[in-house]
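Everything on this sheet refers to the single structure shown next.
The values are calculated or read from the model by the stated rules, or taken from the named source; none is laboratory data. In this text the structure is predicted, and so the values were computed from the model without any measurement. Glycine gets a Cβ as well: all are built from the backbone with ideal geometry, and neighbour counts include every protein chain shown. Remember, those area values only see protein heavy atoms, side chains included, never the ligands or the DNA or RNA. Shrake-Rupley method; radii C 1.70, N 1.55, O 1.52, S 1.80 Å.
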Amino acid sequence: MTHDAKTTSQREHPDHRHVAGGLDIIGDVHGCAAELQALLHKLGYEARLFGSGEGRRAHVRTPPGRRAVFVGDLVDRGPAAPDVLRLVLALAAEGQALCVPGNHDVKFVRWLQGRQVKLTHGLDRTAHQFESEGAAFRTHVRTFLERLPIHLWLDGGRLAVAHAGIKEDMLGRDTDKIRSFCLYGETSGEQDELGLPVRYHWAAEYRGGTAVVYGHTPVPDADWINGTLCIDTGCCFGGKLTALRWPEREIVSVPAGAAYAPSRRPFGHPPVRPGAAPFAGS
Ligand code: MN
């Protein structure tokens, strides 16, 4: 409780309704720095990495009137989490990036804080990549991730971005329960035969008037369902990295250069919660 109370006070408030488009909302990057560079280029950004060791830097330039928004899960599984963070931090330093944390980022922060965490689900790779990074960069990354708002309510209330999703009555609020939904989505509290949490398709039951853009669940293609859009298209598993341009609602993707990690579940939305109202379509 003490820890949660502390981190809550460090986090930025989710109400960003004053932030309007154009926004380029980017799905789960998971350490795929080359694909992030390619996607940013396709969206009209400059995004370069140069130098080595402690001198390694990112140079970014944002197209006029645009801003990047990351749905979280910047790290784990992919080949270059430090470079992904260099790009995101460079954009954020110029006020040109907003970001929400994913469940992988939250666990990575605990590792950066020196806490006991299991090096599983790709965190082993991120930890290895950060072993050769300097203390100043690690501190910069940790501070950035600790302060991220648990979700973002944007554009006059018309848009929300949350890692795993959000319900309408949670918008603009930050409690432990809301934080858990934003990070993990709707879960049953049980584990499946692979030891992974059982997930439900919360978006099938969404009836809100605010568009919700999220990631967390790799899908083959980004498709709108009841005003929600999952833009995790499984780049680290050999899929693609996807962005949504808002308010244009244009979907932009680049293919993964390789399958960097084995996928343990097939791509696609989880089952609808037992007893849920029938799917209405949109
Ligand atoms: Mn993810």
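Things to note:
- Of the trypsin sites (Lys or Arg not before Pro) in region 206-250, those whose Cβ has at most 13 other Cβ within 10 Å and which sit in DSSP loop: Arg207, Arg249
- Karplus-derived 3J(HN,Hα), 6.51/-1.76/1.60, for each residue of region 51-60, Hz, glycine and proline x: x, 9, x, 5, x, 5, 9, 10, 10, 10
- Amide H contacts for Gly165 (H built 1.01 Å from N in the peptide plane; partners 5 or more residues away or on another chain; cut-off under 5 Å): Gly215.
- Shown in residue order for region 248-258 are the 3J(HN,Hα) couplings computed by the Karplus curve 6.51 cos²θ - 1.76 cosθ + 1.60 at θ = phi - 60°: 5, 6, 8, 9, 10, 9, 10, x, 5, x, 6 Hz (x for Gly and Pro).
- Loop-located trypsin sites (Lys or Arg not before Pro) in region 24-117, at most 14 other Cβ atoms within 10 Å (DSSP): Arg115
- Under the combined filter of DSSP loop state and at most 14 neighbouring Cβ atoms within 10 Å, region 167-252 retains these GluC sites (Glu not before Pro): Glu193, Glu248.
- Within a Gaussian network of the chain (alpha carbon springs, distance under 10 Å), most fluctuating of His151, His30, His128: His128
- Alpha-carbon radius of gyration plus Dmax, which is the widest Cα pair, for region 1-115 in Å: 14.8, 44
- For the chain, diffusion coefficient by Stokes-Einstein and Kirkwood Rh (Cα), 10 °C, 1.306 mPa s, µm²/s: 84
- Residue among Pro218, Pro64, Pro270 with the largest mean-square fluctuation in a Gaussian network model of the chain, springs linking Cα atoms under 10 Å: Pro64
- Share of carbon and sulfur in the accessible area of the chain stands at 51%, probe radius 1.4 Å.
- Each Lys and Arg contributes +1 and each Asp and Glu -1, all at the Cβ; summed about the Cα centre of region 75-134, the dipole is approximately 280 debye.
- If you run the Gaussian network model on the chain, springs between alpha carbon atoms under 10 Å, then out of Asp124, Asp24, Asp174 the most flexible one is Asp124.
- The chain: antiparallel DSSP beta bridges as a percent of all, rounded to 5: 60
- In the full protein context, the chain carries 44 Å² of accessible surface per residue, based on a 1.4 Å probe and ignoring ligands, DNA and RNA.
- What separates the Cα centres of region 58-95 and region 226-282 is a distance of 20 Å.
- Cross-link partners of Lys42 among aspartates and glutamates (Cα-Cα below 12 Å; sequence separation of 8 or more within a chain): Asp24
- Sequence-distant residues sharing a close amide H with Phe70 (under 5 Å, placed H): Ile26, Leu98, Cys99, Val100
- Mean ellipticity per residue at 222 nm, deg cm²/dmol - from DSSP H runs of n ≥ 4 across the chain, formula -39500 (n - 2.57): -7500 deg cm²/dmol
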